[in-house]
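Engineer: I'd like to ask some things about the structure below.
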Amino acid sequence: MNNLLNDHSEVSSFEKEMEKISPFELKDRLIELADESIRRMMRTMLNAGRGNPNWIATLPREAFFLLGKFGLAECRRDWECPEGLAGIPQKKGIAARFMAFIKEHHNEAGAEFLEKCYNYMLNEHSVDSDTLVHEWAESVIGDQYPVPDRILKHTEIAVRDYIAQELCDGRPPQGEIDLFATEGGTAAMCYIFDSLQQNRLLERDDRVALMTPVFTPYIEIPKLYRYNYRVTEIPAAKMNDEGMHLWQYEEKELNRLRDPEYKALFIVNPSNPPSYALANDTVEQLVEIVSKWNPNLMIVTDDVYATYVPGFQSLLARLPHNTICVYSFSKYFGATGWRSAVIALHRDNIFDRLIERLPRKRKSEMQQRYGSIRNDVANMRFIDRMVADSRQVGLNHTAGLSLPQQMQMTLFALYSIIDKREGDNFRQKMLSIIQERLEALWSSMGFTLLPDPLRAGYYSEIDLLVWAKRFYGKDFVEWLRLNHSPLDVVFRLATETSLVVLNGGGFDGPEWSIRVSLANLKTADYTVIGKNVRAILDSYAERWKNSLPVVES
């Protein structure tokens, strides 16, 4: 590959070819180039291409491992033999034994927090203490299949409270929100797309809308032969009077959704990569569109970055009956390896109502599909169909997220709830780290980052043409477009500076934009990235100036 990049014409050809692939696949090619650059120049590679955070939430993990000691003690209490076998936790009297264990280990990390979690569940929800602790002991040990398979009883209670706090700003909609625990947000996406199709809520060639820029699977999955949806993109095209992106949506574009031909709308909110929450006027417009024009519109919103916008309100809160919400614990708690997420769906929802309205032939197909696990398929809710579909129906008896994953998810949720009551220290520190990195990136580029309460800041999308025009004028912008590929910047960063960023065009954002993750490098590294981005832009400007005809005086 390195030899290929020694010839300018071949470089352009290679870049054109790379424009066709996903930015996450392109990332691997860029890493190869950066590795070669490291070998030649003895530099350190900085990879700002992936959103895997370089932090973890410590206290809920300390509590998890301490709870593991309790779970093992409970197993050994049942029975034990020297060959390394023990029994399983027994429910009777387990809450009293748990409190005795906490008292005995009160000086160990996580003990005080575990007691707070226990008291929260008892005081706020009046749960049975033995039932609660027995679920926790079995969960941390992982000795059972998940029952209920959709989500454990007390995990759902804790995570539902977390969703109400973090995604609904403490103002959840009236009625019950049901949850389905999944193996990360990516599994949630797969299950949703699959069940929408399996239940004939979306058919091949149906019209759907996608708010862009967006996480690439939402671009790529609808194009697969299995789905083959007709996709209309609604771009975040709003700009201010100075020609800078606001990463919000034009009213006229959103009004396309008034047409009932649009069956579904897919959103990442806050967005990825711009990392901005939907403006309130956009939310209000969507509420009006659903209430007055397109009441059957199915909305799927992916809200993984919600915790980075104070006062965030998901469409689950504003349009609860039309919305499926995906939330992953991966980013906020530094837990991508735990693969823990939930699908949230209001108990009174359009998905169930649309299934009720299916023609007789389709209902017969549904009876055939789910009849082996339910006699009353007609009354089977969409969220339970997702659970069954996640295991090809025939393996429904082993469906569900593993118990240890659900236990850690419970502790993550309760950590955030308890932390907010005690001063919100974890959140404030998290936001300050992100803001510090964001400021380091933009100030080192010499670009202006406007204050915006809707900015999550987990990523930053930088449209180089905006700044090319501001610094050097529209003639330079036209020269840049004519003489270079939009991928040229990301390839030059990799080969010349060992920096890996992703191309914003791959997320259906502006062609000449780049996406920088603020999650996985140190603050000083973003200063390096910013300086190199600016240096490359300035180097283009020098070439342009040298290409201009000399004007004789």
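Engineer: Return Lys361, Lys469 ranked ascending by Cβ neighbour count within 10 Å, so the fewest neighbours appear first. Numbers along the way, then the final one.
Structural biologist: On the way: Lys361 9, Lys469 17.
Exposure proxy ranking, most exposed first: Lys361, Lys469.
Engineer: List the aspartates and glutamates whose Cα sits under 17 Å from the Cα of Lys69, skipping any in the same chain fewer than 8 residues away.
Structural biologist: Filter leaves Asp78, Glu80, Glu104, Glu108, Glu112, Glu115, Glu135, Glu138, Asp143.
Engineer: Report for the chain the percent antiparallel among DSSP-assigned beta bridges with both residues inside it, nearest 5.
Structural biologist: Working: 23 of 44 bridges.
Antiparallel bridges make up about 50 percent of those DSSP assigns within the chain.
Engineer: Based on the Cβ-Cβ distance from Lys420 to Ala524, what FRET efficiency comes out when R0 is 30 Å, to the nearest 0.05?
Structural biologist: Numbers: r = 31 Å, r/R0 = 1.03.
After rounding, the FRET efficiency stands at 0.45.
Engineer: Moving on to the next point. Sequence gap at least 6, Cα distance under 8 Å: using those rules, report the relative contact order of region 58-144 to the nearest whole percent.
Structural biologist: Details: 89 pairs, mean separation 34.8, N = 87.
Reported as a whole number, the value is 40 percent.
Engineer: Work out, step by step, the length gained on full extension between Arg77 and Gln174: first 0.36 nm times the residue separation, then minus their alpha carbon distance; give nm to one decimal.
Structural biologist: Values: separation 97, 0.36 × 97 = 34.92 nm, distance 4.41 nm.
So the chain would gain 30.5 nm between Arg77 and Gln174.
Engineer: Also, I was wondering about something else. Expressed in nm to one decimal, what extension gain is obtained for the pair Ser364 and Asp259 from 0.36 nm per residue of sequence separation less their Cα-Cα distance?
Structural biologist: Values: separation 105, 0.36 × 105 = 37.80 nm, distance 2.94 nm.
In short, 34.9 nm is gained.
Engineer: What is the calculated FRET efficiency for Ser372 to Ser291, with r their C-beta to C-beta distance and R₀ = 35 Å, to the nearest 0.05? Could the numbers behind the result be given before it?
Structural biologist: Numbers: r = 39 Å, r/R0 = 1.12.
It comes to 0.35.
Engineer: Could you tell me the relative contact order of the chain? Use alpha-carbon pairs under 8 Å, at least six residues apart, and round to a whole percent.
Structural biologist: Values: 924 pairs, mean separation 124.5, N = 553.
Once divided by the residue count of the chain, the mean separation gives 23 percent.
Engineer: Continuing with this model, one more query. Between Leu449 and Lys474, what is the label-to-label distance in nm when each label sits 7 Å out along the Cα-to-Cβ direction?
Structural biologist: Label at Leu449, label at Lys474, 3.0 nm between them.
Engineer: So what is the calculated 222 nm ellipticity per residue for the chain, using -39500 (n - 2.57) for each DSSP H run with n of 4 or more, over all residues, to the nearest 500 deg cm²/dmol? Present the calculation step by step, with values, prior to reporting the outcome.
Structural biologist: Values: 21 runs with 260 residues, N = 553.
Estimated from H runs of four or more residues: -14500 deg cm²/dmol.
Engineer: For a Förster distance of 60 Å, can you work out the FRET efficiency between the beta-carbons of Thr186 and Glu542, rounded to the nearest 0.05?
Structural biologist: Numbers: r = 43 Å, r/R0 = 0.72.
It comes out at approximately 0.90.
Engineer: Of Thr523, Trp512, Pro549, which is farthest along the charge dipole of region 505-553 in the positive direction, counting Lys and Arg as +1 and Asp and Glu as -1 at C-beta?
Structural biologist: Positive-most Cα among the choices belongs to Thr523.
Engineer: Report the relative contact order of region 377-503, percent, no decimals, based on alpha-carbon pairs under 8 angstrom and at least 6 residues apart.
Structural biologist: Numbers: 40 pairs, mean separation 10.8, N = 127.
Relative contact order comes out at 9 percent.
Engineer: Further, regarding this structure: Which aspartates and glutamates have a Cα lying under 18 Å from the Cα of Lys252, excluding residues fewer than 8 positions away in the same chain?
Structural biologist: Reachable aspartates and glutamates: Glu233, Glu261, Asp281, Glu284, Glu288.
Engineer: Cα-Cα over 30 Å: which of Lys292/Lys331; Lys263/Lys420; Lys238/Lys474; Lys153/Lys420? Don't skip to the end; give the middle numbers.
Structural biologist: Numbers: Lys292/Lys331 36 Å; Lys263/Lys420 38 Å; Lys238/Lys474 19 Å; Lys153/Lys420 23 Å.
Correct reply: Lys292/Lys331; Lys263/Lys420.
Any read-out appearing in this document is the output of simple, stated calculations on the displayed coordinates, not a laboratory observation. Since we're looking at a predicted model, the values are computed, not measured. Cβ sites come from the backbone with ideal geometry, for glycine too, and all protein chains shown count toward neighbours.
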